Amino acid sequence: MSITTAPRATAPGYRPDRKKRSRHLYNAVGVVAFLVMAFPVYWLVVSSLRPNAEIRSYDQKLWPTSLTFDNFRRAIDAPNFGSAIQSSLIICVTAVLGAMVLSTIAAFAIGRFRFRGRKLFMIVLLVVQLLPPTAMLIPLYIQLNDLGAVNEYWGVIVIYLVSTLPFATWMIRGFVVNIPLELEEAAMVDGCTRMGAFWRVVFPLLAPGLAAASIFSLINAWNEYLLAYIVLQDNDKYTLNVWLMNFTTSRGTDYGALMAASTLIAIPVVAFFMIVQKKMAAGLTSGAVKG
């Protein structure tokens, strides 16, 4: 006795390969977008390994005909390289840590408490981001000059901290809202104070938001040029981006050393991202509360 199964009904006009072709189209668009974004980085690294004669040649190729590390040697031997690293680390680390502390406190207050003017304050956070930094350059310089902060590290730190604080607060606030309030209440029932519940329960779950906000803050502070160039006036206090001016003189630009120095400057941000990228995975709170 044989059993036969009826053929599966298909919708009129349904094409089995439609979904597959759509997937291939999305993959192709993703590959093109990746190549467009990655090519400038590739050209930067490749140019740092080219001899200067090949960089200035009109016959450019995707891969250098000869490799040299002399560009990196000239970049490292350039004046004030060590002091520029020190200045960038002091300014960026202090600004990022300060922004993370203040933005976490502000985000927790906005996400957990209801107070008068809360919505208006959130709108102001977004509106502040619409103001271009160059439009505020003269008022900032005048205020820093009155405070005696010109040519001081703390003057640049305050500017970087304030400029990243609104966006970091808004970003972390989204993570605070998604953390179930029952977790804090359960911790407080077990004897934790409000601060203890925040530190033991909420703060570890904010790791993805803190990682994303810290990367944004670090990139903003590490890559900034104009404000640091205006506020800092001594060569031994210049940050790395301002220090790059050493490779452009009246006799021309040393493109090989400039590309090599730019590659070295990009390494710390890439390394920091590789360290914290695991913390940016979503869904840390899934299953934390029983249904």
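The values are calculated or read from the model by the stated rules, or taken from the named source; none is laboratory data. It should be emphasised that the depicted structure is a prediction, and the values quoted were computed from it without experimental measurement. Because the Cβ atoms are built from the backbone with ideal geometry, glycine has one as well, and the counts that use them run over all protein chains shown. Only protein heavy atoms, including side chains, enter the accessible area calculation; ligands, DNA and RNA are left aside. Shrake-Rupley method; radii C 1.70, N 1.55, O 1.52, S 1.80 Å.
When we screen Arg74, Arg50 for residues that are assigned to a helix (DSSP H, G or I), at pLDDT 80 or above and over 22 Å from the mean Cα position of the chain (by Cα), the only hit is Arg74.
Listed by first and then second residue, the pairs with beta-carbon distance under 8 Å, at least 6 apart or on different chains, first residue in region 81-94 and farther than 17 Å from Thr164 by Cα, second open to solvent by less than 10 Å² (accessible area, probe 1.4 Å) and of a type in the set (Gly, Ala, Ser), are Phe81/Ala75. Could you say whether any residue in region 192-201 is out of contact with any strand residue (DSSP E or B) (no Cβ under 6 Å at 6 or more places or on another chain) and under 30 Å from Ile267 (Cβ atoms)? Looking through region 192-201, none of the residues is out of contact with any strand residue (DSSP E or B) (no Cβ under 6 Å at 6 or more places or on another chain) and under 30 Å from Ile267 (Cβ atoms). For beta carbons closer than 7 Å, sequence separation of 6+ or different chains, a first residue in region 255-266 that is closer than 9 Å to Leu244 by Cα and a second that is crowded, with 23+ Cβ neighbours inside 10 Å, the qualifying pairs are Ala261/Ala75. Checking each residue in region 120-159 for being within 24 Å of Leu218 (Cβ to Cβ) and among the acidic types (Asp, Glu) picks out only Glu152. Is region 279-288 home to any residue that is open to solvent by 70 Å² or more (accessible area, probe 1.4 Å), assigned to a helix (DSSP H, G or I) and at pLDDT below 85? Looking through region 279-288, at least one residue is open to solvent by 70 Å² or more (accessible area, probe 1.4 Å), assigned to a helix (DSSP H, G or I) and at pLDDT below 85. Pairing residues of region 50-73 that are surrounded by fewer than 13 Cβ atoms within 10 Å (Cβ to Cβ) with residues that are of a type outside the set (Asp, Glu) and part of a loop (DSSP other than H, G, I, E, B), at Cβ distances under 6 Å and at least 6 apart in sequence or on separate chains, gives Leu67/Leu49.
Could you give me the residue pairs with C-beta distances under 9 Å whose first residue belongs to region 130-152 and is among the acidic types (Asp, Glu), whose second residue is surrounded by 10 or more Cβ atoms within 10 Å (Cβ to Cβ) and assigned to a helix (DSSP H, G or I) wherever it lies, and which are 6+ apart or on separate chains? So the pair list comes out as Glu152/Leu144; Glu152/Val231; Glu152/Lys237.
Check off (1) at pLDDT below 85; (2) open to solvent by less than 80 Å² (accessible area, probe 1.4 Å) for Thr134 and give me the number that stays unchecked. Result: Thr134 fails condition (2) only. In region 157-169 there is at least one residue that is of a type in the set (Phe, Trp, Tyr) and crowded, with 18+ Cβ neighbours inside 10 Å. Of these, Asp234, Asp254, which one is among the acidic types (Asp, Glu), surrounded by fewer than 21 Cβ atoms within 10 Å (Cβ to Cβ) and over 17 Å from Gly82 (Cα atoms)? Result of the check over Asp234, Asp254: Asp254. Take Val201 and decide whether it is under 27 Å from Lys119 (Cβ atoms), in contact (Cβ under 8 Å) with a residue 40 or more places away in the chain and buried (at least 17 other Cβ atoms within 10 Å of the Cβ). So Val201 does not fit the description; no. Of the candidates Ala149, Ala84, the single residue that is outside any helix (DSSP H, G or I), small (Gly, Ala, Ser), open to solvent by less than 90 Å² (accessible area, probe 1.4 Å) and closer than 19 Å to Asp234 by Cα is Ala149. Here region 1-28 is the region considered, the condition is being aliphatic (A, V, I, L, M) and surrounded by 10 or more Cβ atoms within 10 Å (Cβ to Cβ), and the residue that is modelled with the lowest pLDDT is Leu25. Residues in region 246-266: is at least one at pLDDT 85 or above, within 16 Å of the chain's Cα centre (by Cα) and in a helix (DSSP H, G or I)? Within region 246-266, one or more residues are at pLDDT 85 or above, within 16 Å of the chain's Cα centre (by Cα) and in a helix (DSSP H, G or I). Is it the case, given these coordinates, that Leu89 is surrounded by fewer than 19 Cβ atoms within 10 Å (Cβ to Cβ), at pLDDT 90 or above and assigned to a helix (DSSP H, G or I)? Yes, satisfied. Only residues that are closer than 21 Å to Leu264 by Cα and open to solvent by 90 Å² or more (accessible area, probe 1.4 Å): list them for region 31-40, please. Passing the criteria: Met37, Phe39.
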